[in-house]
Amino acid sequence: MFDQFYAQQALISMVSHLIFIIITWKVLQSVKLDAWIRKGHVFEVRVLMIFLTITIGTSVSRFFLEFLQWSQQLIHLF
């Protein structure tokens, strides 16, 4: 029983992280970085965008997953 619960939690976390990473990627694509890019440093900026996307998307996903977990634990208060 606990194995299935942890498997479901893992699947929900993975899907949540991927969704928020995709949303973050779309949002960061709309930011115009042309003024900040030096000539010949396009690769570095792309890597930076990937790292920022993963960092921001994962952080937002963790927030929502923790908030969901906290809301489920409120039943133990009463």
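Which of the residues that make up the range 17-30 are of a type outside the set (Ser, Thr, Tyr) and in contact with a helix residue (DSSP H, G or I) (Cβ under 9 Å, 6 or more places away or on another chain)?
His17, Leu18, Ile19, Phe20, Ile21, Ile22, Ile23, Trp25, Val27, Leu28, Gln29, listed by residue number.
Can we say Leu18 is assigned to a helix (DSSP H, G or I), surrounded by 10 or more Cβ atoms within 10 Å (Cβ to Cβ) and aliphatic (A, V, I, L, M)?
The answer is yes for Leu18.
Quickly run through the range 30-78 and pick out the residues that are surrounded by 12 or more Cβ atoms within 10 Å (Cβ to Cβ), assigned to a helix (DSSP H, G or I) and of a type in the set (Val, Ile, Thr).
Scanning the range 30-78 gives Val45, Ile50, Thr53, Ile54, Thr55, Ile56, Thr58, Val60.
If a residue has to be among the hydrophobic types (A, V, I, L, M, F, W, C) and farther than 15 Å from Ile56 by Cα to count, how many in the range 15-36 make the cut?
4
Throughout, read-outs are computed from the coordinates displayed, never taken from laboratory work. The shown structure was predicted, so the numbers you read here are calculated from the model rather than taken from an experiment. Every residue, glycine among them, receives a Cβ derived from its backbone with ideal geometry; neighbour counts consider all protein chains shown.
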